[in-house]
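Participant: Following this message is one structure expressed as structure tokens.
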Amino acid sequence: MVEAMEYRVLLKKDIRVWVEWLMGKGELHAPVAKSASHPQYQFEKISQPDTVCLDYATTILPPKQCVQPVRETLIRFDRVANQFTLSDQVPERRLHIIFGIHTCDIHAFNFLNTVMRDGNADTQFLARSANTAIIGLRCRQHCDDKSFCESMGTNEPPDTGYDILMTDIGDRYFLELATERAAKLVDDLSCIPHTGDEDVVKWRQMLADSKKNFDRRLSINIEELPAYCEANYHSPMWDVIGKKCVACGSCTLVCPTCYCFDIRDELDMSLQGGERYRVWDSCQLGEFAAVAGGVNFRRDRRDRQRHRVHRKVKYPKERYNLFACVGCGRCSRACIADIQMLDILRQLGAKSHEFQRT
Ligand code: SF4
Ligand code: SF4
């Protein structure tokens, strides 16, 4: 746990004041309710403070597009002038603030930062990430029956990766200020005073009570997941999952730790210039692993599904000692074929001794 530099409190009735003040400090992204009848939430750039909704279960998409845009220009070229411009520098941009992000999504950002630093560092991603302040929100229960954050250890905050962490303690939020930047995000706002002893006692009690709300949904030793994947490499479970999957790619697009992209060149309508850009891609699409000569390394949906799961709980664990699944449940909610990550991981644990690699 981060040794918080400072504790503050904010009455819930004053949240609007803080949000409005933060909007003056940078571009604020926060959860917003998309429909009153069927509660769904989305991270959006905030222009009206009243639209921010902190009492949300989860969001359809994670807030990763704040640091990894869906589409990004890499090179502009001009055939007439015979020149091209590299976009290898991130354009100057205002501080971005992601407000009210759950702890599982903070873990996901930390994972992305680790991956983007590895090997050929993704300087654009890393620059945007460094210029993004994180104001997190501790959860008090699972979002719904699809999430399994407690099993993945992400219902608790990571050691680093956030500036401020909020806890709902009744009529107010308890704020843990964890970085130097955090002080600038509350400054000397009179509505965010230092805590009294009573607030600290209440906060500690709330943390203890919240722990009891999270049931353990995966009754397997998650540290063994890479070995379970290995043992089940040839399991018929992948045939069953592959037959159900319709290869829509939604599970990867909503995942807070997926980062694959495709690079494409596109000419302007005038044919005089154009751009090279990158755009989010999905390993579940049929062409993802296709290469020259008509070869496709993962032509079958069964292989692509197995690959997705291995990319979540096997390869990153082996390479970074991190899981790329934070148990948010978004992939399961988004899947029209009702393929559930929780079920897959349970099956891997249960079948680990049945199908040994031959
Ligand atoms: S694999 Fe599914 S449950 Fe795991 S982090 Fe991605 S979207 Fe969330
Ligand atoms: S969302 Fe479901 S159906 Fe679509 S690619 Fe993923 S697992 Fe397959």
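All of the numbers you see were taken from the coordinates with simple rules; none came from a lab. As the structure is a computational prediction, the values presented were derived from the model and not from experiment. Glycine also receives a Cβ, built like all others from the backbone with ideal geometry; neighbour counts cover every protein chain displayed.
Participant: Calculate how many DSSP beta bridges within the range 1-146 are antiparallel, expressed in % of all such bridges and rounded to the nearest 5.
Facilitator: 55
Participant: For 260, 255, 335, 229, which order do you get if you count the other beta carbons within 10 Å of each Cβ and list the fewest first?
Facilitator: Lowest to highest Cβ neighbour count: 260, 335, 229, 255.
Participant: A follow-up question, please. Using a Gaussian network for the chain with springs between C-alpha atoms less than 10 Å apart, which of these wobbles most: 213, 82, 120?
Facilitator: Comparing 213, 82, 120 in the GNM, the peak value goes to 82.
Participant: When 313, 17 are ordered from fewest to most other Cβ atoms inside 10 Å of their Cβ, what list results? It would help to have the intermediate numbers written out before the result.
Facilitator: Working: 313 22, 17 16.
Final ranking by Cβ density, sparse to dense: 17, 313.
Participant: Holding the Cα-Cα limit at 30 Å, pick out from 244/314; 34/314; 45/146; 13/45; 25/314 the pairs that are longer than that.
Facilitator: Details: 244/314 23 Å; 34/314 35 Å; 45/146 27 Å; 13/45 22 Å; 25/314 40 Å.
Result: 34/314; 25/314 exceed 30 Å.
Participant: Run lengths n ≥ 4 of DSSP H only: what is the helix-derived mean residue ellipticity at 222 nm for the chain, with -39500 (n - 2.57) per run over all residues, to the nearest 500?
Facilitator: Dividing the helical sum by the residues of the chain leaves -9000 deg cm²/dmol.
Participant: Note down the magnitude of the dipole of the chain about its Cα centre, charges +1 on Lys and Arg C-beta and -1 on Asp and Glu C-beta and zero elsewhere, to the nearest 20 debye.
Facilitator: Taking the Cα centre of the chain as origin, the dipole is about 1100 debye.
Participant: At q = 0.09, 0.14, 0.15 Å⁻¹, what is the log10 ratio I(q)/I(0) for the chain, with the Debye formula run over Cα points and no solvent?
Facilitator: For the requested q values the scattering log ratios are -0.57, -1.24, -1.36.
Participant: Name the residue farthest towards the positive end of the dipole of the chain from the options 119, 102, 52, assuming +1 on Cβ of Lys and Arg, -1 on Cβ of Asp and Glu, about the Cα centre.
Facilitator: Result: 119.
Participant: Follow-up question, since we're still on this one. How would you rank 277, 228, going from fewest to most other Cβ atoms within 10 Å of each one's own Cβ?
Facilitator: Result, fewest neighbours first: 277, 228.
Participant: Something else: What are the ³J(HN,Hα) values, in whole Hz, obtained from phi via the Karplus relation 6.51 cos²θ - 1.76 cosθ + 1.60 with θ = phi - 60°, for each residue of the range 212-226 in sequence order, with x given for Gly and Pro?
Facilitator: In residue order, the calculated couplings are 5, 6, 9, 7, 7, 9, 10, 8, 10, 7, 5, 4, 8, 4, x Hz.
Participant: Any idea which of 316, 237, 272 is furthest toward the positive side of the dipole for the range 224-358, if Lys and Arg beta-carbons carry +1 and Asp and Glu beta-carbons -1?
Facilitator: Result: 237.
Participant: Counting trypsin sites (Lys or Arg not before Pro) as exposed when in a DSSP loop with at most 10 other beta carbons within 10 Å, what is the longest stretch of the chain free of them?
Facilitator: Here the longest run is 217-356.
Participant: OK, next. Label the range 216-358 by shape, choosing from rounded, prolate and oblate, from the square roots a ≥ b ≥ c of the eigenvalues of the Cα gyration tensor; if a/c is under 1.5 it is rounded, and otherwise prolate applies when a/b is larger than b/c, oblate when it is not. Display every interim value, and only then the final one.
Facilitator: Numbers: a/c = 2.17, a/b = 1.89, b/c = 1.15.
Taking the square roots of the gyration eigenvalues as a ≥ b ≥ c, the range 216-358 is prolate.
Participant: Something else now. How about the range 126-208: which chymotrypsin sites (Phe, Trp or Tyr not before Pro) there lie in a loop by DSSP and see at most 10 other Cβ atoms within 10 Å?
Facilitator: none
Participant: Taking amide H positions as placed in the peptide plane 1.01 Å from N, state which residues far from residue 27 in sequence (5 or more) or on other chains have amide H under 5 Å from it.
Facilitator: 95, 96, 97
Participant: Okay, moving on. How many nm separate the modelled label positions at residue 79 and residue 230, each set 7 Å beyond the Cα in the direction of the Cβ?
Facilitator: Once both label points are built, they end up 5.3 nm from each other.
Participant: Below 13 angstrom from the Cβ of residue 60, what's the summed charge of the other residues (Lys, Arg +1; Asp, Glu -1)?
Facilitator: Cβ neighbours under 13 Å give a net charge of +2.
Participant: If you don't mind, there's one more thing I want to ask. Starting from the Cα of residue 14, step 7 Å toward the Cβ, then list every residue of the range 179-207 with an amide N under 13 Å from that point.
Facilitator: 186-196
Participant: Out of all DSSP beta bridges with both ends in the chain, state the antiparallel percent to the nearest 5.
Facilitator: Values: 38 of 50 bridges.
Among the beta bridges of the chain, antiparallel pairing accounts for roughly 75 percent.
Participant: Between residue 155 and residues 5 or more places away or on another chain, which pairs have amide H atoms under 5 Å apart, with H built 1.01 Å from N, and which residues are they?
Facilitator: Excluding prolines and chain starts, which carry no amide H, the hits are 150.
Participant: Tell me which residues come under 5 Å, amide H to amide H, from residue 6 once H is placed; ignore anything under 5 positions away on its chain.
Facilitator: 177
Participant: Rounded to whole Hz and in sequence order, give me ³J(HN,Hα) for the range 126-142 from the Karplus expression 6.51 cos²θ - 1.76 cosθ + 1.60, θ = phi - 60°, writing x for Gly and Pro.
Facilitator: 5, 5, 5, 5, 5, 9, 10, 8, 10, 10, x, 9, 6, 8, 10, 6, 4
Participant: So which residue, out of 338, 105, 78, gets the largest mean-square fluctuation from a GNM of the chain using Cα contacts under 10 Å as springs?
Facilitator: 78
Participant: Whole number please: convex hull volume per residue of the Cα set in the range 1-157, in Å³?
Facilitator: 176
Participant: Using each residue's phi in the range 48-61, evaluate 6.51 cos²θ - 1.76 cosθ + 1.60 at θ = phi - 60° and report the 3J(HN,Hα) Karplus result to the nearest Hz, with x for Gly and Pro.
Facilitator: With the stated coefficients, the range 48-61 comes to 10, x, 5, 7, 5, 10, 8, 8, 10, 7, 7, 10, 4, 9 Hz.
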